[in-house]
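Enquirer: Please find one structure pasted underneath; my questions will follow.
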Amino acid sequence: MRRISKRKHREKIRLVTLNFIFIILCFVTLIPIFYTLSVSFSGQGAALSGSLSFLPENPTLENYRAILLDEPFLLWLKNSLILSVGTITISMICAVPAAYAVSRWRFPGRCGILKALLVLNAFPQVLSMFALFRVLKTLGLLNSHIGLMMIYAGSMCVFAIWNMKGYFDTIPVDIEEASKIDGANNTQMILRIVLPLAKPAITVTCVMVLITVWNEYLFATTFLLDSDSYSLAGGLYQLQSNDYSRSWPMFTAASVLASAPLLLIFFKIQKYMVSGLTAGGVKG
């Protein structure tokens with residue numbers, strides 16, 4: 001009994017210590033976010049002051065008013081929404097059938113295709129920037145949201161296929177065979193059985209694509225040349241591109257507003273995150 005009691009006591013101490021360490025790590029991770037919030041509610045000279053304070057001395061909403069009314073922030077937000085929704089739609093239409101096919105069917109070249117996609121995705125996208133620029137210019141899609149959607153969708157399809165392929169592997173084939181015995185055809189089986197079961201993986205994949213497109217900067221500033229077509233990443237860069245009009249408090253306010261939609265979506269689908277990522281990531 002004493003040995004069991006000592007073991008439980010040591011286990012309790014270990015758990016308390018681990019929880020304390022995790023709390024400290026979370027606090028350290030949140031320091032930049034707290035400071036960003038503080039600067040966004042501060043005056044113009046707050047970011048250049050020598051002190052590090054998490055509470056603004058003279059709180060003001062002027063930075064948020066300026067970014068919403070004096071700058072085309074809502075236009076940038078609209079463009080980012082168009083790019084994100086379009087990319088998610090194109091990539092999922094291509095990736096979901098492909099992931100299901102490579103999960104369920106054994107056809108010649110299946111492993112080779114998967115490996116080739118993985119190898120191609122391992123190269124940095126910046127290596128293909130000049131080639132993509134020439135292709136878009138030839139097709140007349142330069143400075144076009146459609147052209148940028150195609151680039152984003154092509155790069156994200158590889159991740160989507162691999163992640164959802166792993167999740168489709170976890171769905172028992174017996175369920176599909178049982179639905180066929182009950183009279184369901186292939187379309188009914190996929191729409192009513194497979195896709196509802198794969199909802200966590202599909203949701204998580206969509207969110208990962210959304211986060212990537214929402215935060216992407218290099219291609220957005222290279223292929224979108226008109227100020228009316230800027231995404232949030234390109235628009236935020238323009239706020240800081242001029243040394244004479246640079247305002248760090250307004251920039252941080254814009255960053256907070258740009259991050260808010262992603263946070264809301266993440267908290268909304270949080271229940272799918274663990275099952276969608278773990279089941280899709282460990283298989284294949």
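The values are calculated or read from the model by the stated rules, or taken from the named source; none is laboratory data. Computed from a prediction, not measured in an experiment: that's the story for all the values here. For neighbour counting, all protein chains shown are included, and Cβ atoms are generated from backbone atoms with ideal geometry for every residue, glycine included. These accessible areas exclude ligands, DNA and RNA; they are computed on the full protein's heavy atoms, side chains included. Shrake-Rupley method; radii C 1.70, N 1.55, O 1.52, S 1.80 Å.
Enquirer: Surrounded by fewer than 17 Cβ atoms within 10 Å (Cβ to Cβ), without any contact (Cβ under 8 Å) to a residue 12 or more places away in the chain and within 23 Å of Ser227 (Cβ to Cβ) - does that describe any residue in region 109-129?
Expert: Checked against the condition, which is being surrounded by fewer than 17 Cβ atoms within 10 Å (Cβ to Cβ), without any contact (Cβ under 8 Å) to a residue 12 or more places away in the chain and within 23 Å of Ser227 (Cβ to Cβ), region 109-129 yields no hits at all.
Enquirer: Look at Leu132 and say whether it is in the same structural domain as Ile171 (by TED's automatic domain parsing), part of a helix (DSSP H, G or I), in contact (Cβ under 8 Å) with a residue 24 or more places away in the chain and closer than 18 Å to Thr87 by Cα.
Expert: yes
Enquirer: Do we find a residue being open to solvent by 60 Å² or more (accessible area, probe 1.4 Å), outside any helix (DSSP H, G or I) and among the small types (Gly, Ala, Ser) anywhere in region 53-60?
Expert: no
Enquirer: Next up: What single numbered condition from (1) open to solvent by 50 Å² or more (accessible area, probe 1.4 Å); (2) aromatic (Phe, Trp, Tyr); (3) under 30 Å from Thr170 (Cα atoms) fails to hold for Tyr100?
Expert: The number of the failed condition is (1).
Enquirer: Continuing with this model, one more query. Considering only region 160-255, give the helices (runs of 4 or more DSSP H) lying wholly within it that have at least 3 residues that are open to solvent by less than 50 Å² (accessible area, probe 1.4 Å) and of a type in the set (Gly, Ala, Ser). Can you show your working first?
Expert: Working: elements: 173-181, 186-189, 199-215, 218-223, 232-241.
Once the helices (runs of 4 or more DSSP H) in region 160-255 are filtered for at least 3 residues that are open to solvent by less than 50 Å² (accessible area, probe 1.4 Å) and of a type in the set (Gly, Ala, Ser), what remains is 232-241.
Enquirer: I've got another one for you. Can you list residue pairs whose Cβ atoms sit under 7 Å apart, with the first residue in region 210-231 being outside the structural domain of Ala254 (by TED's automatic domain parsing) and the second being of a type in the set (S, T, N, Q) and open to solvent by less than 20 Å² (accessible area, probe 1.4 Å)? Count only pairs 6 or more apart in sequence or on different chains.
Expert: Qualifying pairs under 7 Å: none.
Enquirer: I would also like to ask the following. Run down Tyr217, Tyr237 and say which single residue is at pLDDT 85 or above and aromatic (Phe, Trp, Tyr).
Expert: The match here is Tyr217.
Enquirer: Right, something else. Any idea which of (1) modelled with pLDDT under 85; (2) in a helix (DSSP H, G or I); (3) not hydrophobic (A, V, I, L, M, F, W, C) is the one Asn79 doesn't satisfy?
Expert: (1)
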